[in-house]
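Colleague: After the structure tokens below, expect a handful of questions from me.
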Amino acid sequence: MKTMSEHTYHLLFRIGIIVKAAATVFELAGGAVLWFTANTALNGAILFLTGDELIEHGLFRAVTPEAQHLWALLLLGHGVVKLFLVIGLLKERLWSYPSSAAVFTMFVIYQIYETLVAPSLFIDALTAFDIVLILLILHEYRYRLRHRLVPMGALKDPHGDA
């Protein structure tokens, strides 16, 4: 059985982190939209996008301003934490590998709970992606420790006396 090369692992790791960064930007944008959109406009947009389907089936309940701001804060907070970690990973900061694995594992535990309460293929796919990404992060971390790799630029003299 042939195993993947370290180059392949690293490439998958980088792709995973870039995908996570892109998703984080969308999460932050969604949080900002929720925070700055008037509640009546949000409810109107939901009805516009879904047509009368939700009303016809009795499924539409207006989003309250409180719920809207709660979701905005959750998305923004979640997004800021992920953005901080993803930037650390992209800059190859050693602290970011175990920190990211720990935080993303907590998110996965919550996602598993959510999918048990309200099954969702989207959450299932997101959870599977996050689990693979965590494994890639841990692999990359172990590789860096084993080979004593440091981020590019980390060996520069901070005083410029080189």
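Colleague: Within the range 21-32, is even one residue among the aromatic types (Phe, Trp, Tyr) and either at pLDDT below 95 or within 18 Å of residue 135 (Cβ to Cβ) (or both)?
Modeller: Within the range 21-32, not a single residue is among the aromatic types (Phe, Trp, Tyr) and either at pLDDT below 95 or within 18 Å of residue 135 (Cβ to Cβ) (or both).
Colleague: Out of all the residues in the range 1-22, which are surrounded by 12 or more Cβ atoms within 10 Å (Cβ to Cβ), more than 19 Å from the chain's Cα centre (by Cα) and of a type in the set (D, E, K, R)?
Modeller: Answer for the range 1-22, where residues must be surrounded by 12 or more Cβ atoms within 10 Å (Cβ to Cβ), more than 19 Å from the chain's Cα centre (by Cα) and of a type in the set (D, E, K, R): just 6.
Colleague: Would you pick out the residues in the range 56-86 that are over 17 Å from residue 110 (Cβ atoms) and free of Cβ contacts under 8 Å to residues at least 12 places away in the same chain?
Modeller: Listed by number, the residues that qualify are 56, 57, 58, 59, 61, 66, 67, 84.
Colleague: Please state which one of 157, 130, 124, 161 is surrounded by fewer than 15 Cβ atoms within 10 Å (Cβ to Cβ) and modelled with pLDDT of 90 or more. Break it down stepwise before answering.
Modeller: Numbers: 157 fails: modelled with pLDDT of 90 or more; 130 fails: surrounded by fewer than 15 Cβ atoms within 10 Å (Cβ to Cβ); 161 fails: modelled with pLDDT of 90 or more.
Every option except 124 fails the conditions.
Colleague: In the range 3-25, what count of residues is obtained for those that are of a type in the set (Ser, Thr, Tyr) and either touching a strand residue (DSSP E or B) at 6+ places or on another chain (Cβ under 6 Å) or free of Cβ contacts under 8 Å to residues at least 60 places away in the same chain (or both)? Steps first, please.
Modeller: Quick first cut of the range 3-25, residues of a type in the set (Ser, Thr, Tyr) only: 3, 5, 8-9, 24.
From what is left, the residues that are either touching a strand residue (DSSP E or B) at 6+ places or on another chain (Cβ under 6 Å) or free of Cβ contacts under 8 Å to residues at least 60 places away in the same chain (or both) are 3, 5, 8.
Qualifying residue count, the range 3-25: 3.
Colleague: Let me ask another. Could you check the range 28-91 for helices (runs of 4 or more DSSP H) lying wholly inside it with 3 or more residues that are surrounded by 15 or more Cβ atoms within 10 Å (Cβ to Cβ)? Please lay out each step first, then the result.
Modeller: On the way: elements: 39-50, 53-56, 65-90.
Of the helices (runs of 4 or more DSSP H) lying wholly inside the range 28-91, those with at least 3 residues that are surrounded by 15 or more Cβ atoms within 10 Å (Cβ to Cβ) span 39-50, 65-90.
Colleague: Give the residues of the range 105-133 that are of a type in the set (Phe, Trp, Tyr) and within 18 Å of residue 27 (Cα to Cα), sorted by residue number.
Modeller: Once the filter is applied, which keeps residues that are of a type in the set (Phe, Trp, Tyr) and within 18 Å of residue 27 (Cα to Cα), the range 105-133 yields 107, 110, 122, 129.
Colleague: Quick one: in the range 92-135, which of the residues that are assigned to a helix (DSSP H, G or I) and touching a residue at least 60 places away in the same chain (Cβ under 8 Å) is farthest from the chain's Cα centre (by Cα)?
Modeller: The residue in question is 132.
The values are calculated or read from the model by the stated rules, or taken from the named source; none is laboratory data. Quick caveat, the model's predicted, so the values are computed rather than measured. Using ideal geometry, Cβ is built from the backbone for each residue, glycine included, and neighbour counts are taken over all protein chains shown.
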